[in-house]
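**Student:** The structure under discussion is supplied below as structure tokens; questions concerning it will follow.
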Amino acid sequence: MKTIQQTLNAPDSLLLTLIKSLTSLSSAKVIVLYMMLLLGFTLSLVGQSEFSLTLNDAWQALISPDSGSIKQQVILSLRMPRSLIACLIGLNLGVAGVLMQGLTRNPLASPTLFAINSGAACLMALSSIGVAFISAFPIEVVTFIGAALGGFLVFFLGGGLSSHHNPLRLILAGIAINALLTSLTRAALIISDDKAHTLLHWLSGSLSEADWQNWLQLWPVSLVALLIALSTSRGLNLNALGEQTASSLGMNVNALRIRVCLAVLLLTAISVTIAGPIVFVGLIAPHLARSLFGNNHYMLIPASGLLGAALVCWADLLSRFIVPPAETPVGIITALIGTPFFIYLVLKEEKQ
């Protein structure tokens, strides 16, 4: 009995967690996910362009770059960073969603519904109009604080800080805080007369301005946050049994909450900084992953990330084909997909 208890108390090392997650990603379903993501990424490099790009152009740009080729420069300078950023932001939001659902044991939890996205967007909008005490900070810090503020208000007003919280109350608090933060964001939009168009485009969730500088800004923070997220896999598996049961098995619930919240805030804040609030990815991806792979977070976290990456990549590709040559913001595409999905989940929860 003592040996069992010691095993339960001993947290997985990060290396062991990575090994467990990677070995879980070997089924035929995962291979299909990889293929979907790879196909979407490849098509996003050449799809809907004024230069009639081909797959051969993309291949040559990768293996034998030619600085004199306009087509290759378009692929390497514009399409490649945009596609990489789309995949990584989708990965971030998918993982953030599954962490929130695992921690709160609420199937409707996501960065969108819990006002984390809108909190980051609101403070970034206020920073853009020159609010003194906000604009003095780096933009990454501003979005992190905004995400934390939005999430804390929802949890505080919705009773999420209590061990006996009501999921419906959390959702209602999220709707209310989202409405408040969106109103403040619109007020900033009205005030920022000369920046209104750029700010409005960003608030819709757009990847049209993504470049290599954004990628260099995005991936280090994302990597740290994803490693933290993976380290919570064992804790979230135990948390699914209930906080009291998890505590009796030796899990430090408060430490788990801190790690999950830190990972979610980092993943969401840096994604909003780069592309604006892309909604519902953190709701859709975890549910699809759970229906395909079950509830083991060693598998669920990376699978949700893969699905989120594929979703944003394909949504970004679709955004170029709706009203060419103009582009529809990718956030609108994910909203069109996510809204009926959210309604379906709510109706499903009511029946249960």
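**Student:** Please verify whether Ser44 is small (Gly, Ala, Ser) and surrounded by 13 or more Cβ atoms within 10 Å (Cβ to Cβ), treating the condition exactly as stated.
**Tutor:** yes
**Student:** Please work out which residue is farthest from Gly205 (Cα to Cα), limiting yourself to the stretch 265-294 and to residues that are touching a residue at least 40 places away in the same chain (Cβ under 8 Å) and in a loop (DSSP other than H, G, I, E, B).
**Tutor:** Phe280
**Student:** Of the residues that make up the stretch 174-187, is at least one under 20 Å from the mean Cα position of the chain (by Cα), surrounded by 16 or more Cβ atoms within 10 Å (Cβ to Cβ), aliphatic (A, V, I, L, M) and modelled with pLDDT under 90? Can you show your working first?
**Tutor:** Within the stretch 174-187, the first condition is being under 20 Å from the mean Cα position of the chain (by Cα), and the residues that meet it are 174-175, 177-178, 181-182.
Restricting the remaining residues to those that are surrounded by 16 or more Cβ atoms within 10 Å (Cβ to Cβ) gives 174, 177-178, 181-182.
Still in the running and aliphatic (A, V, I, L, M): 177, 181.
So of that shortlist, the ones also modelled with pLDDT under 90 come out as none.
So far as the stretch 174-187 goes, no, none of its residues is under 20 Å from the mean Cα position of the chain (by Cα), surrounded by 16 or more Cβ atoms within 10 Å (Cβ to Cβ), aliphatic (A, V, I, L, M) and modelled with pLDDT under 90.
**Student:** Which pairs do you get when a residue that is surrounded by 15 or more Cβ atoms within 10 Å (Cβ to Cβ), found in the stretch 127-150, comes within reach of a residue that is in a loop (DSSP other than H, G, I, E, B), reach meaning Cβ atoms under 7 angstrom, with the pair 6+ apart or on two chains?
**Tutor:** Once the first residue is surrounded by 15 or more Cβ atoms within 10 Å (Cβ to Cβ) and sits in the stretch 127-150, its partners that are in a loop (DSSP other than H, G, I, E, B) give Ser128/Ser192; Ser128/Lys195; Ile129/Ser192; Gly150/Ala115.
**Student:** Okay, moving on. Going through the stretch 324-352 one residue at a time, which ones are touching a residue at least 12 places away in the same chain (Cβ under 8 Å), surrounded by fewer than 19 Cβ atoms within 10 Å (Cβ to Cβ) and not aromatic (Phe, Trp, Tyr)?
**Tutor:** Within the stretch 324-352, Pro324, Pro325, Glu327, Ile332, Ile337, Thr339, Leu345, Val346, Glu349 qualify.
**Student:** Same structure again: Of all residues in the stretch 232-264, how many are surrounded by 21 or more Cβ atoms within 10 Å (Cβ to Cβ) and assigned to a loop (DSSP other than H, G, I, E, B)?
**Tutor:** So the answer is 2.
**Student:** Now, a different point. Name the helices (runs of 4 or more DSSP H) wholly inside the stretch 21-126 in which the number of residues that are touching a residue at least 24 places away in the same chain (Cβ under 8 Å) and farther than 25 Å from Ala326 by Cβ is 1 or more.
**Tutor:** Hits in the stretch 21-126: 28-46, 80-104.
**Student:** Taking the stretch 79-107 only, how many residues are more than 21 Å from Gly276 (Cβ to Cβ) and of a type in the set (Ser, Thr, Tyr)?
**Tutor:** Count: 1.
**Student:** Evaluate the following for Ala86: is it of a type in the set (A, V, I, L, M), under 23 Å from the mean Cα position of the chain (by Cα) and modelled with pLDDT of 80 or more?
**Tutor:** yes
**Student:** While we're on this one: Provide a single number: the residues in the stretch 205-234 that are polar (S, T, N, Q), over 15 Å from the mean Cα position of the chain (by Cα) and within 19 Å of Ala120 (Cα to Cα).
**Tutor:** Qualifying residue count, the stretch 205-234: 2.
**Student:** Which numbered condition trips up Phe321, out of (1) assigned to a helix (DSSP H, G or I); (2) among the hydrophobic types (A, V, I, L, M, F, W, C); (3) surrounded by fewer than 22 Cβ atoms within 10 Å (Cβ to Cβ)?
**Tutor:** Of (1) assigned to a helix (DSSP H, G or I); (2) among the hydrophobic types (A, V, I, L, M, F, W, C); (3) surrounded by fewer than 22 Cβ atoms within 10 Å (Cβ to Cβ), only one is false for Phe321: (1).
**Student:** Of the numbered conditions (1) touching a helix residue (DSSP H, G or I) at 6+ places or on another chain (Cβ under 7 Å); (2) over 24 Å from Leu230 (Cβ atoms); (3) modelled with pLDDT under 90, Ser319 satisfies every one except a single condition; which is it?
**Tutor:** So the condition that Ser319 fails would be (3).
**Student:** Between a first residue in the stretch 226-255 that is closer than 21 Å to Leu93 by Cβ and a second residue that is of a type in the set (Val, Ile, Thr) and modelled with pLDDT under 90, which pairs have beta carbons less than 7 Å apart while being 6 or more apart in sequence or on different chains?
**Tutor:** So the pair list comes out as Leu230/Thr17; Ser231/Thr17; Ser233/Thr17.
**Student:** Okay, next question. Of everything in the stretch 50-73, what is surrounded by 12 or more Cβ atoms within 10 Å (Cβ to Cβ) and out of contact with any helix residue (DSSP H, G or I) (no Cβ under 7 Å at 6 or more places or on another chain)? Give them in sequence order.
**Tutor:** Listed by number, the residues that qualify are Trp59, Leu62, Ser69, Gln73.
The values are calculated or read from the model by the stated rules, or taken from the named source; none is laboratory data. Computed from a predicted structure; not experimentally measured. A quick note on method: Cβ atoms are made from the backbone with ideal geometry, for glycine too, and the neighbour counts reach across all protein chains shown.
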